[in-house]
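Notes follow once the structure below has been shown.
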Ligand SMILES: C[S@@+](CC[C@H](N)C(=O)[O-])C[C@H]1O[C@@H](n2cnc3c(N)ncnc32)[C@H](O)[C@@H]1O
């Protein structure tokens, strides 16, 4: 389980990332759409991109924007790089090694963030959300989503976002799974 889905590595990780790629497109598109980013030049972060389906959806929405992906797995990097090779060579996508709890980005660097089937793997979700808050500009939206195979959202998710200081928290359920949208507070 750990090598396959939590932090893909080795042969199990290759298989895990291929399985994610088969079923994740619809939720990746829905999460990106729910973000509601309107600025075509926005800089959007995806944390835990796995096979890179969210990166594909983000570059589709923001052909003139910048998409930054952060993931600690070498296997995930390889698959996401192959899937997004053209956008990377155009300079629209940058994939970085790192984790939610230690994002390799400066303060207030991003205009929005998504993370799909990811938060339940972080060692300390509150620490991860605080770190995401640090790298977002005030007023930036985030979408946290879970597909059914992930087991769904952890209990207390809304309270966790509120404790991390996010506002305008809205939860929804669709055919693709569960989603939560929240906003970075405008004044910190
Ligand atoms: C189940 S996959 C989900 C991939 C993708 N978001 C999707 O829905 O297809 C989990 C991904 O999160 C990454 N990951 C694991 N722990 C992480 C952490 N602490 N911070 C950021 N990413 C992490 C893994 O390396 C893996 O690529």
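For the reader, a short list of remarks on this structure follows.
- Boolean, residue 177 is surrounded by fewer than 19 Cβ atoms within 10 Å (Cβ to Cβ) and within 17 Å of the chain's Cα centre (by Cα): no
- The listed residue being in contact with a strand residue (DSSP E or B) (Cβ under 9 Å, 6 or more places away or on another chain) and farther than 21 Å from residue 29 by Cβ, out of 139, 69: 139
- The test for being in a loop (DSSP other than H, G, I, E, B), within 13 Å of the ligand (Cβ to nearest atom), modelled with pLDDT of 95 or more and surrounded by fewer than 24 Cβ atoms within 10 Å (Cβ to Cβ) does not hold for residue 95.
- Any hit, segment 71-91, residues being assigned to a strand (DSSP E or B), surrounded by 23 or more Cβ atoms within 10 Å (Cβ to Cβ), touching a residue at least 12 places away in the same chain (Cβ under 8 Å) and more than 13 Å from the ligand (Cβ to nearest atom): no
- Identity of the residue in segment 98-120, within 15 Å of the ligand (Cβ to nearest atom) and part of a loop (DSSP other than H, G, I, E, B), that ends up surrounded by the fewest Cβ atoms within 10 Å (Cβ to Cβ): 104
- Test: residue 57 is surrounded by 15 or more Cβ atoms within 10 Å (Cβ to Cβ) and either closer than 23 Å to residue 186 by Cβ or free of Cβ contacts under 8 Å to residues at least 12 places away in the same chain (or both): no
- Against the conditions (1) more than 24 Å from residue 59 (Cβ to Cβ); (2) at pLDDT below 95, residue 178 satisfies every one except (2).
- Helices (runs of 4 or more DSSP H) (entirely within segment 1-64) containing at least 2 residues that are within 9 Å of the ligand (Cβ to nearest atom) and within 12 Å of the chain's Cα centre (by Cα): 25-35, 53-61
- Of all the residues in segment 149-174, those that are within 16 Å of the ligand (Cβ to nearest atom), over 24 Å from residue 106 (Cβ atoms) and surrounded by 13 or more Cβ atoms within 10 Å (Cβ to Cβ) number 5.
The values are calculated or read from the model by the stated rules, or taken from the named source; none is laboratory data. For clarity, every value in this text was computed on a predicted model and none was experimentally measured. Virtual Cβ from ideal backbone geometry, glycine too; neighbours counted across all protein chains shown.
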